[in-house]
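Computed from the coordinates by the stated procedures, all read-outs in this text should not be read as laboratory data. Being a predicted model, the structure only gives us computed values, none of them experimental. Reconstructed Cβ throughout: ideal geometry from the backbone, glycine too, with neighbour counts over all protein chains shown.
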Amino acid sequence: MRHTARVSANAYEGLKARLGEVWDVTKAAYLLSWDQQTMMPPRAGPVRAAQLGTLSKLAHELFVDDEVGRLLDRLDGFEAELPYESDEASLIRLARREWEKERRVPTELREAMARTAAEAYPIWVEARQRSDFSLFRPCLERNVELRRRYAACFDVEEPYDALLDDFEPGMKTAEVRAVFAELKQGLVPLIAEAAAIEIDDSCLRGHFPRERQRELDAIVERFGLTEGSWRIDPTEHPFAASMATTDVRLTSRYPEHELMGLFATMHEYGHGLYEHQVDPALERTPLARGTSLAIHESQSRMWENLVGRSRPFWRFFYPELQRVFPEQFSGVELETFYRAINRVRPSLIRIEADEATYSLHIILRFELEQEILAGTVDLATLPEEWNARMRDYLGVEVPDDARGILQDVHWARGSLGYFPTYALGNVISVQLWERIRAALPDLDAELERGEFASLREWLRENVHRHGRKFTPSETLQRVVGGGIDPGPYLRYLGDKLRELAAA
Ligand code: ZN
């Protein structure tokens with residue numbers, strides 16, 4: 001018995017050491033990718049693509065090695081005796097799932113996907129600047145072809161399932177369709193109702209110098225991230241990345257004609273906090289990050305919208321905004337500003353969309369991605385297809401590719417199957433928020449005083465610290481006692497709109 005326990009302990013340490021190495025190589029690649037999107041001189045693009053391809057190949061080879069399989073076999077009995085939620089059992093469970101999955105992917109394909117995505121990024125940046133989809137189309141074709149080959153590595157009901165599973169483990173395309181059908185049915189009448197509400201949002205447009213917008217990023221310190229463990233930099237398309245729980249990289253962007261950077265910053269803070277608050281005991285293991293992108297997005301949308309577009313938050317923060325932009329806001333009442341940032345109007349750009357129309361942008365992308373993957377839509381006419389659906393779903397005319405099909409970075413990065421997690425994240429954010437409000441009855445008063453600690457701690461305790469120990473559906477089950485349900489989100493939006501209409 002003692003001998004078996006020692007053998008298992010050795011196998012566990014061996015597995016952990018190997019996974020730590022895979023983690024190090026993967027995070028080195030993340031750092032190069034972060035750098036590509038923030039600091040890298042653009043002409044370094046082709047070399048960077050080769051570097052990312054190589055690191056991706058190395059991580060893959062280290063992980064899919066037969067030795068990892070032997071270690072996992074030796075740990076079968078050990079795992080069965082451990083509590084399900086223990087760090088050890090969780091690590092073995094996750095490693096086995098991912099090893100079995102990754103073994104199906106040829107190394108050459110893994111390398112090609114990483115390299116091709118990195119090659120596409122600067123071309124997408126240029127195509128978007130010139131608003132010319134035809135420049136980007138060959139990159140998209142290559143990315144799509146590689147994703148088709150990737151999906152074919154798995155036994156799935158439909159190819160999209162394979163792509164979705166990388167971002168939302170365990171979720172099926174059919175489930176997403178069902179949630180989106182309910183969401184769309186609820187949103188369309190809400191958006192029509194909102195069109196009748198008079199709201200003057202002219203205060204949000206004008207001239208907002210970038211340097212002064214960046215002063216507002218200090219809100220992130222107030223929200224709370226441990227000093228010395230994060231930074232924020234400008235980028236084309238905002239994202240958050242972390243190399244460790246103590247190395248959180250936020251990015252934001254600051255168009256000068258509207259007040260936009262602050263909301264992007266609050267959004268990315270939500271992502272960064274999730275990674276930052278993972279239990280440090282899980283560091284350098286595959287458990288040390290958010291469990292899925294939908295749960296991740298629930299965190300970013302919570303800080304951006306449920307906190308960042310709320311009255312209590314702005315009672316605290318509006319004087320600071322007025323101090324930074326006195327010409328713009330000194331003569332604007334708080335209530336006018338609050339209404340402006342909560343105005344619902346169909347628009348062109350997903351990341352600037354209001355809370356109600358946002359999910360329609362996602363539903364459009366989700367449908368197109370399935371058709372792209374199936375080859376039922378011609379990539380040459382994709383911009384026209386995009387524009388026609390924008391007209392259909394949101395009633396807006398797309399003036400050019402930059403504000404249409406080229407607006408998002410995801411297809412350049414080869415991330416097909418990613419978009420649905422955004423709308424799912426919106427839905428989950430309010431499911432969690434209902435629990436938070438019940439658990440923290442004084443939350444509004446705290447936000448009004450600029451105190452965020454109890455919210456942060458609730459999130460740490462209930463969601464963040466576990467990292468990937470629980471699947472997304474287990475996480476939801478533990479916290480809200482059920483699965484994904486659009487009900488709370490639709491109720492929240494309905495209540496907010498009725499209140500805006502009544503005022
Ligand atoms: Zn996000």
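Each Lys and Arg Cβ is given +1 and each Asp and Glu Cβ -1; about its Cα centre, region 356-417 then shows a dipole of about 220 debye. Name the shape class, rounded, prolate or oblate, that the alpha-carbon gyration tensor gives for region 331-447, where a ≥ b ≥ c are the square roots of its eigenvalues, rounded holds for a/c under 1.5, and otherwise prolate holds if a/b is larger than b/c and oblate otherwise. Oblate is the answer for region 331-447, as a/c is 1.5 or above yet b/c matches or exceeds a/b. Near Glu320, once Lys and Arg are set to +1 and Asp and Glu to -1 for all other residues with Cβ below 13 Å from its Cβ, the sum equals +1.
Evaluating kT/(6 pi eta Rh) at 10 °C and 1.306 mPa s, with the Kirkwood radius of region 2-155 over Cα pairs in the Stokes-Einstein relation, gives 90 µm² s⁻¹. The antiparallel fraction among DSSP beta bridges confined to region 173-502 stands at about 50%. Looking at region 147-215, which GluC sites (Glu not before Pro) are DSSP coil and have at most 16 other C-beta atoms within 10 Å of their C-beta? Qualifying residues, ordered by number: Glu157, Glu198. Net charge of the neighbourhood of Asp400, taken over other residues with C-beta under 11 Å away and scored Lys/Arg +1, Asp/Glu -1, is 0.
Near the amide H of Trp230, within less than 5 Å, lie the amide hydrogens of Val248, all on another chain or at least 5 residues away, with H placed in the peptide plane. For a test of the definition: using alpha carbon positions, the gyration tensor, and the 1.5 limit on a/c, classify region 382-475 as rounded, prolate or oblate. Prolate, since a/c reaches 1.5 and a/b exceeds b/c.
Helix-only arithmetic for the chain: the sum of -39500 (n - 2.57) across DSSP H runs with n ≥ 4, divided by the residue total, places the mean residue ellipticity at 222 nm at -20500 deg cm²/dmol. Viscosity 1.002 mPa s, temperature 20 °C: Stokes-Einstein D of the chain from its Kirkwood Cα radius, in µm² per second? In µm²/s, the coefficient is 90. A cut-off of 5 Å between modelled amide H atoms, ignoring neighbours fewer than 5 places along the same chain, links Ser242 with Arg249. The loop-placed GluC sites (Glu not before Pro) in region 396-470, going by DSSP, that have at most 16 neighbouring Cβ atoms within 10 Å of their Cβ come out as Glu397, Glu451.
Across the options Gly308, Gly206, His276, the greatest Cα extent toward the positive end of the charge dipole of the chain (unit charges at beta carbon of Lys, Arg, Asp, Glu) belongs to His276. Kirkwood analysis of the Cα pair distances in region 59-139 returns a hydrodynamic radius of 15.6 Å. Between 0 and 90 degrees, the angle of helix 311-324 with respect to the longest Cα principal axis of the chain falls at about 70 degrees.
For region 399-460, the set of chymotrypsin sites (Phe, Trp or Tyr not before Pro) satisfying both a DSSP loop assignment and a count of at most 10 other C-beta atoms within 10 Å is empty. Rounded to the nearest 10 degrees, the inclination of helix 133-151 to the longest alpha-carbon principal axis of the chain is 40 degrees.
With the charge dipole of the chain set up from +1 on Lys and Arg Cβ and -1 on Asp and Glu Cβ about the Cα centre, the Cα lying farthest toward the positive end among the listed residues Ile341, Ile484, Leu94 is that of Leu94. Whole-Hz Karplus values for region 12-22 come out as 5, 5, x, 5, 5, 5, 5, 5, x, 5, 4 Hz, taken residue by residue from phi with 6.51 cos²θ - 1.76 cosθ + 1.60 and θ = phi - 60°; glycine and proline positions read x.
Residue-wise HN-Hα couplings along region 158-165, as the Karplus relation 6.51 cos²θ - 1.76 cosθ + 1.60 with θ = phi - 60° gives them from phi, are 9, x, 4, 3, 5, 6, 4, 4 Hz; Gly and Pro carry x. Between the Cα long axis of helix 261-276 and the first principal axis of the chain there is an angle of about 30°, rounded to the nearest 10. Between the residues Pro46, Gly450, Gly375, the greatest Cα displacement towards the positive end of the dipole of the chain, with unit charges on the Cβ of Lys, Arg, Asp and Glu, is found for Pro46.
Rounded to whole numbers, the Karplus 3J(HN,Hα) couplings from phi for region 198-214 are 6, 9, 8, 10, 5, 5, 7, 10, x, 10, 10, x, 3, 4, 6, 4, 5 Hz, using 6.51 cos²θ - 1.76 cosθ + 1.60 with θ = phi - 60°, and x at Gly and Pro.
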